[in-house]
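Undergrad: Got a structure for you, questions after.
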Amino acid sequence: MTLRLAPLACALLLAACGGKQPDAATAAPAGAEDKVLNVYNWSDYVADDTVKNFETANGVKVNYDVYDANETLESKLTAGASGYDVVFPSARPFAQRQVKSGLYAALDKSKLPNWKHLDPQVLQNLASIDPGNAHLVPYMWGTTGLGLNVDKIKLALGENAPLDSWSLLFDPANAAKLAKCGITVLDDDQETFGAALIWLGRDPNAGAADEIEAVRKVYAAIRPHVRTFNNAEYKDAFANGDACLVMGYSGDIAQASTTAFDAAKQAGKPAPNLRFVIPKEGAIRWVDVIAIPKDSKHPGNAHAFIDYLLDPKVAAAISNHVAYASANQDATALVDPAIAQDPGVYPPAEVRAKLVDPASLPEDVQRQRVRAWTRIKSGQ
């Protein structure tokens, strides 16, 4: 599936330039505690005015920090006294084991009247790792696939380049030809192992020694042609033309494509033909959630912020900005059609059938994967 970037870019530009914004007055009152809220989130994961509108409506000062890896958040939570009131982990396997470890406070759903807008199917899916949906609030979901600079790829590989397949990355012959225009891969063993195993026709959550070795061989064959492994900088590289093929998250690719569209327009040049592809073999699907650390000092403010994010107008404005699918079912009708009807953001049923949720692996298997991934990145 491919992302139709020109309409998407236009939609996002309109949202950024003063489209209808949510009414901040719908946010719940913050409660009787210090008017402070400490948020730890992924970068580029709210609209430009999301935090400002909440602050205005509630009189709460939001201290907003960002991270680029689940491991960074997890290390702060497990060390204790993180100082954060609201965090946004990925559900599997991170929030799954964090709930099991007792790192999160139970939600007071009486303070979350907008809970009713959440997609029941998403909640049911999360209940398998968070019984009763007691600790985790679904936020956004998406897929991990490929970002393509179509013209550069076809120039290197020809008109019959396999644009809809993981072979574009994992076939060493393709990778060798694309090395000059730039290949980047995520620095995340869950995503990278899953993608390689899907390409090999195996269970992406497999962890046997022979399967880890099979993944190592896949990356060893293309390692000389991969420019970088990273979870954030690849967006800029893709947007400015320094990378023609990137493994990345659906919304990240859309945001980078919008940046490229805007830059080309300002320069009076044709916009590059950039796409997001969910490969035909399948892909990893992820859900990011919202949670309140157990040692939060401002749980009332945290509930007010979460409920504010669950307002369909607020959730739709965020989806319009970040181009990720919202877990808020009542927000979908408010999302710009260029996004809501885009199969790269909201995949059709036949594509969803090939998406796989990551599983929480046994600790010994996870350690083996991490060690193998470290060796892969270093070229060993």
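Undergrad: Could you work out how far the C-alpha centroid of segment 278-312 sits from that of segment 39-103, in angstrom?
TA: 8 Å
Undergrad: Taking only Cα atoms, what is the 0 to 90° angle, nearest 10, from helix 299-309's long axis to the longest principal axis of the chain?
TA: Helix 299-309 sits roughly 60 degrees off the main axis of the chain.
Undergrad: A follow-up question, please. Percent relative contact order of the chain, based on C-alpha pairs within less than 8 angstrom and at least six residues apart? Display every interim value, and only then the final one.
TA: Details: 702 pairs, mean separation 122.2, N = 380.
Relative contact order for the chain comes out at 32 percent.
Undergrad: In degrees from 0 to 90, rounded to the nearest 10, what is the angle of the helix 189-199 Cα long axis to the longest principal axis of the chain?
TA: 50 degrees
Undergrad: Right, here's the next one. Three principal axis extents, largest first, for the C-alpha atoms of segment 78-228, in Å?
TA: 58, 35, 31
Undergrad: For Trp373, Trp199, give me the order by solvent-accessible area with a 1.4 Å probe, most accessible first, ignoring ligands, DNA and RNA. Before the final figure, lay out each step's value.
TA: Details: Trp373 10, Trp199 75 Å².
Output order, biggest surface exposure first: Trp199, Trp373.
Undergrad: Another question, then. Among residues other than Val185 whose Cβ falls under 10 Å from its Cβ, what is the net charge (Lys/Arg +1, Asp/Glu -1)?
TA: Working: positive: Arg223, Arg227, Lys377; negative: Asp187, Asp188, Glu191.
Net local charge, Val185 excluded: 0.
Undergrad: In addition: A 20 angstrom limit on the alpha carbon distance is what I want to check against. Which of Lys109/Lys297; Lys116/Lys313; Lys154/Lys180 exceed it?
TA: Details: Lys109/Lys297 18 Å; Lys116/Lys313 14 Å; Lys154/Lys180 13 Å.
Table pairs above 20 Å Cα-Cα: there are none.
Undergrad: Please give the net charge around Ala325, taking every other residue with its beta carbon less than 14 angstrom from that of Ala325, where Lys and Arg add +1 and Asp and Glu add -1.
TA: On the way: positive: Arg285, Arg352; negative: Asp119, Asp252, Asp288, Asp330, Asp336, Asp342.
Spelling it out: positives minus negatives among the neighbours equals -4.
Undergrad: Toward the positive end of the charge dipole of the chain, about the Cα centre and with charges on Cβ (Lys, Arg +1; Asp, Glu -1), which of Leu178, Ala243, Ala267 goes farthest?
TA: Leu178
Undergrad: Which length gain, in nm to one decimal place, applies between Glu33 and Ala81 when the Cα-Cα distance is subtracted from 0.36 nm times their residue separation?
TA: Working: separation 48, 0.36 × 48 = 17.28 nm, distance 1.85 nm.
Between Glu33 and Ala81, full extension yields 15.4 nm more.
Undergrad: State to the nearest 20 debye the size of the charge dipole of the chain about its Cα centre, where the only charges are +1 on K and R beta carbons and -1 on D and E beta carbons. Walk me through the intermediate numbers first.
TA: Details: 37 positive and 44 negative charges, 131 e Å.
With only Lys, Arg, Asp and Glu charged at Cβ, the dipole is about 620 debye.
Undergrad: Using helices alone, what [θ] at 222 nm do you get for the chain, with -39,500 (n - 2.57) per DSSP H run of 4 or more residues, divided over all residues and rounded to the nearest 500?
TA: Details: 17 runs with 159 residues, N = 380.
That comes out to -12000 deg cm²/dmol.
Undergrad: What does the convex hull of the Cα atoms of segment 33-156 come to per residue, in Å³, rounded to a whole number?
TA: Dividing the Cα hull volume of segment 33-156 by its residue count gives 163 Å³.
Undergrad: Quick one: check the C-alpha center-to-center distance for segment 316-380 versus segment 230-270, whole angstrom.
TA: 18 Å
Undergrad: In whole Å, what are the extents of segment 148-224 along the principal axes defined by its C-alpha atoms, from largest to smallest?
TA: 39, 22, 19
Undergrad: Find the percent of Cα-Cα distances in segment 287-341 that exceed 20 Å, and round it to a whole number. Spell out each step's value before the answer.
TA: Details: 456 of 1485 pairs.
It works out to 31 percent of all Cα pairs.
Undergrad: Just read off the accessible area of Arg227 with the full protein assembly in place, 1.4 Å probe, to the nearest 10 Å².
TA: 130 Å²
Undergrad: So for the chain: antiparallel DSSP bridges make up what percent, rounded to the nearest 5? Numbers along the way, then the final one.
TA: Numbers: 23 of 38 bridges.
DSSP beta bridges in the chain are roughly 60 percent antiparallel.
Undergrad: How big is the Cα convex hull of the chain in projection, averaged over all directions, in nm²?
TA: Numbers: hull surface 71.8 nm².
One quarter of the hull surface, i.e. the mean projection, equals 17.9 nm².
Undergrad: Would you please give the FRET efficiency between Ala263 and Lys100, computed as 1/(1 + (r/R0)^6) with r the Cβ-Cβ distance and R0 = 51 Å, to the nearest 0.05? Mind dumping the intermediate values first?
TA: Numbers: r = 45 Å, r/R0 = 0.88.
After rounding to 0.05, the efficiency reads 0.70.
Undergrad: What does the net charge come to around Ala237 if you take all other residues with beta carbon closer than 12 Å to its beta carbon, with K and R at +1 and D and E at -1? Could the numbers behind the result be given before it?
TA: Details: positive: Arg227, Lys235; negative: Glu233, Asp236, Asp242, Asp252.
Local charge sum for Ala237: -2.
The values are calculated or read from the model by the stated rules, or taken from the named source; none is laboratory data. Owing to the predicted nature of the structure, the values given are computational and were not obtained by experimental measurement. No Cβ is skipped: glycine too gets one built from the backbone with ideal geometry, and neighbour counts run over all protein chains shown. Accessible surface is based on the protein model in full, side chains and every heavy atom, while ligands, DNA and RNA are left aside. Shrake-Rupley method; radii C 1.70, N 1.55, O 1.52, S 1.80 Å.
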